[in-house]
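For reference, the structure is listed below as C-alpha cells.
Please treat every number below as a calculation from the coordinates, not as lab data. As the structure is a prediction and not an experimental result, all values here were calculated from the model. Using ideal geometry, Cβ is built from the backbone for each residue, glycine included, and neighbour counts are taken over all protein chains shown.
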Amino acid sequence: MMLMAAHKGSAVASNNTKGKERESFINLFLSNILPPHFRFGSGEITDLSGNLSGQIDIVIEYPLLPSIQVPTSSAETRLYLAEGVAAAIEVKSDLIDQWQQVKQTSERVKQLRRRFSASRGLAPNSVPLFAVGYTGWKSRDVLLQRLQEKVVDGILIIEDGLFMWDHTILPVTQIPGNPTGAWALWGLIIALHRLGTSLQSTSLDLALYARPDWMIIKKICNRVNYDESLEVNFYDFLNEEGIVKEEGAKILESLKAEGFIDIVTPQESEDIKSRSVVNVRITYDAIEFTQDMNTPFELT
C-alpha cells in the first residue's frame, strides 16, 4: 500500500520530514477520492468566542464559509471558522505512543462552540475530530474503548485495516459503516463524505466574527424576550457562552458605549472589571438593532 510505503520511507527521517506523512495522506488518499469541492489544509480553528484549537494536522472545510491564510506561512496553513469545518484529522505515526498528543488536541477542539443559524442540513454541534495512525491498536474492541472515552469521533489504523467512528454525531439515522481490512480506508471516506455533505447552507453573518458583541446583545435580547425591564447578570451570561472575563469586559464596554445596555450594578465603571455580578438591562436601541439582524440565535 502506498500510504504504508510512504510511512516506512520516513521512519528514519527527521521530525520535519515526518510531517510529510500528513501530506502523503492528503495527496495519495483524500484528494484522489473525495470530490474537488472538498478543500484540505492545516492550521488553527477559532470560534465566535475567540477560542483557538491549536495546530491541526488536516482540516476539511465545508464549501460554504471562508478561511484565512496565515501571514508568513505556507498556503496550506490557515485560520478556519468553527462553523466552516466539516472535520479535523490528527495524523500520527504510532497512535498508541502519540495518543496523549491526540488528547491534548482534543481538549482544545472540543471547547470550540459552533453557532449555526438558519441552516439547511444537519451538522454536529462540535467540530468532529478523527485520529489516523499509520500503526496503532490491533483490536476493534480497543478502538471501541477509545471512542467511548469521547476523545475523538473516529479512529483509523492504516497498517491493520481498522476503522471505527461514532456515526451518532450526525443527528440522523446512519448505517454505521465501520469496515475492516482493505475497506477500512473506505470507511473513513464514508464518514468524511457524510460530514462534508451534511450542511448545505447557513446564514451565519460573518460580521459577528469581527463584532462578537453583536452576537452577545442578540442572545441577551432573546434571553429576556426583548423586555427592557428584565435584568441579567452579564458575567454569568458570558460564562455560559464560554467567554473569559477579560474579553467579556471589553464586550461590556462596547455594548454600553453603543447604547445597547444599561448597567444597573455597579454604577461606577471602574468597579466593573473587579465585580462578579454586573446586572444589565437592554435598551430600546438594542431591540431595534437586533430585530433588524437576519441571524437568529437559539438560547442554548
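Ordering S49, L34, V70 by Cα displacement along the dipole of the range 28-87 toward the positive end leaves L34 in first place; charges were set at the Cβ atoms of Lys, Arg (+1) and Asp, Glu (-1). Each of the peptides 249-260, 222-233 was scored by the mean count of other Cβ atoms within 10 Å over its residues; in descending order, highest first, they stand as 249-260, 222-233.
Residue exposure proxy: M293, M215, ordered by other Cβ atoms within 10 angstrom of their Cβ from fewest to most, comes out as M293, M215. Taking label positions 7 Å along the Cα-Cβ direction at both Q100 and A182, the computed distance is 3.9 nm, reported to one decimal. Dipole check for the range 207-291: with +1 at the C-beta of Lys and Arg, -1 at the C-beta of Asp and Glu, and the Cα centre as origin, the magnitude is about 220 Debye. Where both bridge residues fall in the range 73-222, DSSP classifies roughly 40% of the beta bridges as antiparallel. Computed extension length for I33-N279: 83.1 nm, one decimal, from 0.36 nm per residue of separation with the Cα-Cα distance subtracted. In terms of surrounding Cβ atoms within a 10 Å radius of their Cβ, W137, W183 rank from fewest to most as W183, W137. Once you order the gyration tensor axes a ≥ b ≥ c over the Cα atoms, which shape class does the range 56-128 get: rounded for a/c under 1.5, otherwise prolate or oblate by comparing a/b with b/c? Note, shape of the range 56-128 comes out oblate. Positive-end ranking of S229, G248, V264 along the dipole of the range 207-291, with charges on Cβ about the Cα centre, is headed by G248.
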